[in-house]
Amino acid sequence: MPRDPYHSLVSELMAQQTQLDRVVPRFEAFVRRFPDFRALAAASREDVLEAWSGLGYYRRARLLHRLALEVAAGGGELPSSAAELERLPGIGPYTAAAVASMVFGEAVPLMDGNIARVGARVLASADDPRGKEGRAAVLEWVRGLMNGAPPGDVNEALMELGATVCTPNRPDCVRCPLTEGCRARCEGDPTAYPPPRQTRAVVDLRWLVVVVEDPKRRWLLRQVAEGPILRGLWLPPFAEIDSGRPLEQQALGLLPFDVTQSIGISKPIRHSITHRRIEAIPARAVIDHPVRVAKGWSWADPANPRLPTSSLLGKLLGSVSTSSSV
């Protein structure tokens, strides 16, 4: 059965750097709400970000919305070649190759970690497949396997082989259909390939997050407009902690209005975004009267904000609720 280009592209973008068990329910809800490129293009960016909430890496959602606008303006159909797909916002070589080969049958190889590992072992390549020369060698090998075979099937089979048989630490060479031609196995140590990759340095951050609750149990949220992460999302006001000033004083400085009620400090929570490891310290205040806020701020139900937000909000809600019940 032919694959739907729109569904395939959305699923590929959602699956980037996100666990599959988180992707499946979000994908199903997303395509129900926006069933095709025209529907997605007609939606506001805020609506798209809201539907993406919980998946993280929100730049993907913004680029997908831009892509939908371009595709809808051009007639509503995706181009069928990897080269044309790469010209669209948010589509890199991997996604372009995946959609072009699996949806449109173009003989273009793709490269993920599993295929890189399988190819590096079969070739016993001294070049890292994450580098230019090693990558080119593996891609050429995959392209050769597509001679007479459905390209999408070849790409998927190699990914599955790497995930289930040619695994990083304990490859099951007895079950591998590529055993006879695998040079790494002939050398006696498949795990020597590919060479270890250098990991990105972890950045530790400490944030103060101010949770203000009004009489309707709504939380004060601010649309993040600065910084390299979380831009465009709605969260309680936060900032990196200044170790030289009292936390209560810093919390008051993050609010758009004066709060006379006492501010309580809760236990830190842990949150990670790419290579950033965040310790978020909630500072909480409950006000006894409604307060009007300016553009860029909003009062919202923290359990169902109906605004694009981050999974950090759910962690804060759980932490504050636990603290309140003690």
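The values are calculated or read from the model by the stated rules, or taken from the named source; none is laboratory data. Worth saying up front: this structure is predicted, and the values here are computed from it rather than measured. Cβ atoms come from the backbone with ideal geometry, glycine included; neighbour counts cover every protein chain shown.
Before moving on, here are some points about what is shown:
- Test: residue in segment 114-125 that is surrounded by fewer than 18 Cβ atoms within 10 Å (Cβ to Cβ) and over 19 Å from Pro177 (Cβ atoms): no
- Ser81 being buried (at least 20 other Cβ atoms within 10 Å of the Cβ), closer than 26 Å to Glu156 by Cβ, at pLDDT 95 or above and not acidic (Asp, Glu): no
- Test: Arg87 is among the basic types (Lys, Arg) and within 17 Å of the chain's Cα centre (by Cα): no
- Taking the numbered list (1) over 30 Å from Arg284 (Cα atoms); (2) of a type in the set (Asp, Glu); (3) touching a strand residue (DSSP E or B) at 6+ places or on another chain (Cβ under 9 Å) in turn, Glu187 passes all entries but (3).
- From the options Pro195, Pro228, Pro168, residue that is modelled with pLDDT under 95, in a loop (DSSP other than H, G, I, E, B) and touching an Asp or Glu at 6+ places or on another chain (Cβ under 7 Å): Pro195
- Filtered residues of segment 245-255 (kept if exposed (fewer than 14 other Cβ atoms within 10 Å of the Cβ) and either modelled with pLDDT of 95 or more or outside any loop (DSSP other than H, G, I, E, B) (or both)): Gln249, Gly253
- Every residue from segment 103-160 that is charged (D, E, K, R) and within 27 Å of the chain's Cα centre (by Cα): Glu106, Asp112, Arg117, Asp128, Arg130, Lys132, Arg135, Asp153, Glu156, Glu160
- Asp189 vs. criteria at pLDDT below 95 and either more than 30 Å from Ala124 (Cα to Cα) or small (Gly, Ala, Ser) (or both): no
- Pick from segment 265-279, criterion more than 23 Å from Leu252 (Cα to Cα) and polar (S, T, N, Q), ranking: surrounded by the fewest Cβ atoms within 10 Å (Cβ to Cβ): Ser272
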